[in-house]
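Participant: Have a look at the structure that comes next, please.
The values are calculated or read from the model by the stated rules, or taken from the named source; none is laboratory data. Small disclaimer: the values here were computed from a predicted structure and weren't measured. Here the Cβ positions follow ideal geometry from the backbone for every residue, glycine too, while neighbour counts run over all protein chains shown. SASA here: full protein model, heavy atoms, side chains in, ligands and nucleic acids out. Shrake-Rupley method; radii C 1.70, N 1.55, O 1.52, S 1.80 Å.
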Amino acid sequence: MAAEDQPDPDKPAGTDEEGTAVAELFGEWDVTNIEYDDPSTERYITVTPVAHTMGRHASKQFQKSEVSIAERLINRLMQTEENTGKKQKTMQITRDAFQKIHDRTEENPVQVLVTAVENAAPREETVRLKYGGISVPKAVDVAPQRRVDQALKYIAEGVHSSSFKTSTDAAEALADQLVGAANYDVQTYAINQKEEKERVAAAAR
């Protein structure tokens, strides 16, 4: 580590250059210098230090895009029989997974999450069109907001399939899914599902 990269011992953690307190996700992870590689989904991947908005967006159409991507992942992880409604438990799973990601990669886990969502977001899918009573598959582009939704769905499904009735705990499974998706590992469930959806769409062009 270069001398200029060394943390200032006189400056408390969670403060900027001027010493002003900076909010961090889970009190640990900086959300101010996140890089985006996909301009189409950037406006739909919101990064904030708030991990629990108490459902204030629930009654507003498309308001979910203003919710932190970390909270949206937490909400997706709750959509199982075991974790339904257990947000505090699911937040702890995500917090533990972020710590595992940092220990394993030495990177900001928020950046890993953003990259994983971008990589797992499918660009094409198929719809069914009827011509004279015959159903024909047709390839269509996926809207950016739906791309983010699908990526979160695949990641959550991958975590559930990897940790349900296995010796792998949920936090470890989530860390594996996010790191694998961020590295575009086709063995990862989310990337595998994305590739399969795009492969089917390519055949239906």
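Participant: Just to confirm, what accessible area per residue do you get for segment 95-187 at 1.4 Å probe, in whole Å²?
Facilitator: Values: 4580 Å² over 93 residues.
Computed with neighbouring chains in place, this is 49 Å² per residue.
Participant: Per-residue accessible area for Arg95 at 1.4 Å probe radius, Å² rounded to 10?
Facilitator: Number for this one is 80 Å².
Participant: Right, something else. Among the GluC sites (Glu not before Pro) within segment 132-202, which fall in a DSSP loop and have no more than 10 other Cβ atoms within 10 Å of their own Cβ?
Facilitator: Numbers: sites: Glu157, Glu172, Glu195, Glu196, Glu198; in loops: none.
Qualifying residues, ordered by number: none.
Participant: Would you mind computing Rg(Cα) / (2.2 N^0.38 Å) for segment 43-110, counting N as its residues? Each step should come with its number before you reach the end.
Facilitator: Details: Rg = 12.8 Å, N = 68, 2.2 N^0.38 = 10.9 Å.
My calculation over the Cα atoms of segment 43-110 gives 1.17.
Participant: Working from the pairwise distances between different alpha carbons, so that the mean of 1/r is found and then inverted, what is segment 70-204's Kirkwood radius in Å?
Facilitator: Numbers: mean 1/r = 0.0643 Å⁻¹.
About 15.6 Å for segment 70-204.
Participant: For the chain, what % of the accessible area comes from carbon and sulfur atoms, probe 1.4 Å?
Facilitator: Details: 5580 of 11800 Å².
The value for the chain is 47 percent carbon and sulfur by accessible area.
Participant: Quick check: pseudo-label points 7 Å beyond the Cα along Cα→Cβ at Gln145 and Arg199, how many nm apart are they?
Facilitator: Placing both labels 7 Å along Cα→Cβ, they lie 3.1 nm apart.
Participant: Chymotrypsin sites (Phe, Trp or Tyr not before Pro) within segment 97-194: which are DSSP loop residues with at most 16 other Cβ atoms inside 10 Å? All intermediate terms of the calculation are to be shown ahead of the outcome.
Facilitator: Numbers: sites: Phe98, Tyr131, Tyr154, Phe164, Tyr184, Tyr189; in loops: Phe164, Tyr184.
Sparse-neighbourhood loop chymotrypsin sites (Phe, Trp or Tyr not before Pro): Phe164, Tyr184.
Participant: Which Cα, out of Gln111, Gln177, Trp29, lies furthest along the positive dipole direction of the chain (beta carbon charges, K/R +1, D/E -1)?
Facilitator: The residue sitting most towards the positive pole is Gln177.
Participant: Here is a follow-up. Roughly how much of Thr126 is accessible, in Å² to the nearest 10, using a 1.4 Å probe?
Facilitator: The accessible area comes out at roughly 60 Å².
Participant: For the chain, give the share of DSSP beta bridges that are antiparallel, in percent and rounded to the nearest 5; count only bridges with both residues there.
Facilitator: Details: 10 of 11 bridges.
Rounded to the nearest five, the antiparallel share is 90 percent.
Participant: Moving on to the next point. Based on Cβ point charges of +1 for Lys and Arg and -1 for Asp and Glu, what charge dipole magnitude is obtained for the chain about its Cα centre, in debye rounded to the nearest 20?
Facilitator: Working: 25 positive and 35 negative charges, 373 e Å.
Computed charge dipole of the chain: roughly 1800 debye.
Participant: Here's another thing I want to ask about it. Using Cα-Cα distances under 8 Å and only pairs 6 or more residues apart, what relative contact order does the chain have, in percent?
Facilitator: Values: 270 pairs, mean separation 39.1, N = 205.
Answer for the chain is 19 percent.
Participant: On C-alpha positions alone, give me the angle between the axis of helix 189-203 and the longest principal axis of the chain, in degrees, nearest 10.
Facilitator: 30 degrees
Participant: Still on this structure, I have one more. How long, wide and thick is segment 145-205, going by the Cα atoms along their three principal axes, in whole angstroms, largest first?
Facilitator: In descending order, the Cα extents are 42, 22, 22 Å.
Participant: What Kirkwood Rh does segment 33-147 have if only Cα atoms enter the pairwise 1/r average? Answer in Å.
Facilitator: On the way: mean 1/r = 0.0615 Å⁻¹.
Kirkwood radius, segment 33-147: 16.3 Å.
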